[in-house]
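Comments concern the structure below.
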Amino acid sequence: IHPQWPTYPGWYISGEGLHANPPPVPMEIKISPETIPYSGIQANFSGGNLEMASTGDDPYVVLGDQISCAPHSHVGLNVYLSRKDEGWVQLFWSESMDFKEDHSLRRWYPSGEIKAQFAFPLLNDRSNIRIDPMDNIGSAVLKKIEIYCLAE
């Protein structure tokens, strides 16, 4: 998981060799107008990607369905983006659609092709997910979202 610093050191935590269990298999989220509601952006869905142009200082997308990883209590997300500018990517999780800062993580990423990585505890059995792909005026392309149910 990339650190929460305004730099991009290029390292991450890997679970290889730590457990005898096989690595978790990702669930991929389909990117379409039906599955990815959004706000603060002009959007164009094309070829399984979401092309975004920010119209304000708080652009975000929401996963249309809650995620569940029962019986696991933690979730990992990989968010594949291409961004014009460097900056923060923020992820929120909530039992309702009321997203608060105390259930969020922010990571700094460079411009260009990135894989934003987050891991967090589920709230009960399910969580709603909101992703802020940029923190200001700019453009980005959301290419893929993978969800991993993480064992403790």
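No value in this document is a laboratory result; all are computed from the given coordinates. Everything quoted here is computed from the prediction, not taken from an experiment. So basically every Cβ, Gly included, is an ideal-geometry build from the backbone, and we count neighbours across all protein chains shown.
Length gain on complete extension for the stretch GLU101 to GLU34, per 0.36 nm per residue less the alpha carbon to alpha carbon distance?
21.5 nm
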Residues other than TRP88 with Cβ under 13 Å of its Cβ, Lys/Arg counted +1 and Asp/Glu -1, net out at -4
Could you compute the FRET efficiency for ASP125 and TYR80, with r as their C-beta to C-beta distance and R0 at 30 Å, rounded to 0.05? 0.70
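Order the peptides 41-48, 113-120 from the highest to the lowest mean number of other Cβ atoms within 10 Å of their residues.
Listed from highest to lowest mean packing, they are 113-120, 41-48.
Find, among the trypsin sites (Lys or Arg not before Pro) in region 83-113, those assigned to loop by DSSP (not H, G, I, E, B) with at most 10 other beta-carbon atoms within 10 angstrom.
LYS100
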Taking 0.36 nm per residue of separation and subtracting the Cα-Cα distance, what length does fully extending SER73 through ASP58 add? 2.5 nm
Where Lys and Arg each count +1 and Asp and Glu each count -1, what net charge lies around MET134 among other residues with Cβ under 11 Å from its Cβ? -4
